[in-house]
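Undergrad: Mind looking over this structure? Questions follow.
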Amino acid sequence: MVSYLAKPAPPNQDKRWKLVDATIRRQGAQPRGLIETLHTVQEAFGFLDEQALRYVAMSLRVPLSRAFGVATFYHFFTLKPAGEHTCVICMGTACYIKGAPQLLDAVRKDLGIAPGETTPDKKVSLLTARCLGSCGLAPAVVYDQEVAGKVSTNAVREHLKKWTVA
């Protein structure tokens, strides 16, 4: 008989799980450590798959639905492997009013993908965010974790060309 409080075994022998386990231990294997533990998984593996969500949920004794809810609510988390580069377009009120929909349309047209998708060559992933907290820079775009402000349609197209031209 296995105790409910028994720590589950990592999904596989990948050494990156030791980083995740260290975060879980640091948080005392308590539900309050959910976001930090998911961040560790995201940093170690690049995305959160079902296997990782199940492991974290079991380790922290939270329902899988809660782990999934947190992973899908925050824009930082992704459930699929990201492309080599990421482009996050802020869709917050200030950015929306100052042209974010036009930026998104241009990227969709140029790359042929929708938000949450990656180009077939795995070069670029397109994401949107509810708000980046950079309202004074509207419209804002995050290129590979670097925030760019007052971005024009031409500027976003030029930046993406650097990533897509072989």
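The values are calculated or read from the model by the stated rules, or taken from the named source; none is laboratory data. Source: prediction; values computed, not measured. Reconstructed Cβ throughout: ideal geometry from the backbone, glycine too, with neighbour counts over all protein chains shown.
Undergrad: State whether one or more residues within the stretch 63-77 are hydrophobic (A, V, I, L, M, F, W, C), modelled with pLDDT under 95 and in contact with a Gly (Cβ under 8 Å, 6 or more places away or on another chain).
TA: No, there is no match, as no residue in the stretch 63-77 is hydrophobic (A, V, I, L, M, F, W, C), modelled with pLDDT under 95 and in contact with a Gly (Cβ under 8 Å, 6 or more places away or on another chain).
Undergrad: Also, I was wondering about something else. Could you tell me whether Pro120 is over 15 Å from the mean Cα position of the chain (by Cα) and either at pLDDT below 95 or buried (at least 22 other Cβ atoms within 10 Å of the Cβ) (or both)? Don't jump to the end; show me each part of the working.
TA: Numbers: over 15 Å from the mean Cα position of the chain (by Cα): yes; either at pLDDT below 95 or buried (at least 22 other Cβ atoms within 10 Å of the Cβ) (or both): yes.
It is true that Pro120 is over 15 Å from the mean Cα position of the chain (by Cα) and either at pLDDT below 95 or buried (at least 22 other Cβ atoms within 10 Å of the Cβ) (or both).
Undergrad: Let me ask another. Please determine, by comparing only the residues of the stretch 97-112 that are without any contact (Cβ under 8 Å) to a residue 40 or more places away in the chain and of a type outside the set (Gly, Ala, Ser), which one is farthest from Val165 (Cα to Cα).
TA: Filtering the stretch 97-112 for residues that are without any contact (Cβ under 8 Å) to a residue 40 or more places away in the chain and of a type outside the set (Gly, Ala, Ser), the one farthest from Val165 (Cα to Cα) comes out as Pro101.
Undergrad: If you don't mind, another one. So in the stretch 128-145, with the set limited to residues that are closer than 17 Å to Arg157 by Cβ and of a type outside the set (Val, Ile, Thr), which one is surrounded by the most Cβ atoms within 10 Å (Cβ to Cβ)?
TA: Among residues in the stretch 128-145 that are closer than 17 Å to Arg157 by Cβ and of a type outside the set (Val, Ile, Thr), the one surrounded by the most Cβ atoms within 10 Å (Cβ to Cβ) is Pro139.
Undergrad: Output the residue which, of all residues in the stretch 6-59 that are part of a loop (DSSP other than H, G, I, E, B) and among the hydrophobic types (A, V, I, L, M, F, W, C), is farthest from Tyr74 (Cα to Cα). Can you show your working first?
TA: So the first thing to find is which residues in the stretch 6-59 are part of a loop (DSSP other than H, G, I, E, B), and the list is 6-15, 27-30, 46-49.
Narrowing further to those that are among the hydrophobic types (A, V, I, L, M, F, W, C): 6, 9, 29, 47-48.
On the way: Ala6: 29, Ala9: 27, Ala29: 22, Phe47: 13, Leu48: 12 Å.
Top of the filtered list is Ala6.
Undergrad: Look through the stretch 62-105, keep the residues that are among the hydroxyl-bearing types (Ser, Thr, Tyr), within 26 Å of Lys7 (Cβ to Cβ) and within 13 Å of the chain's Cα centre (by Cα), and return whichever of them is surrounded by the most Cβ atoms within 10 Å (Cβ to Cβ).
TA: Looking only at the stretch 62-105, we keep the residues that are among the hydroxyl-bearing types (Ser, Thr, Tyr), and these are 65, 72, 74, 78, 86, 93, 96.
Okay, now just the ones that are also within 26 Å of Lys7 (Cβ to Cβ), so 65, 72, 74.
Checking which are within 13 Å of the chain's Cα centre (by Cα) leaves us with 72, 74.
Values: Thr72: 12, Tyr74: 15.
Looking at the filtered set, the residue picked out is Tyr74.
Undergrad: What pairs can you find where one residue is in the stretch 44-59 and farther than 19 Å from Glu117 by Cβ and without any contact (Cβ under 8 Å) to a residue 24 or more places away in the chain, the other is assigned to a helix (DSSP H, G or I) and hydroxyl-bearing (Ser, Thr, Tyr), and their Cβ atoms are less than 9 Å apart, with a gap of 6+ or different chains?
TA: Pairs found: Ala57/Ser65.
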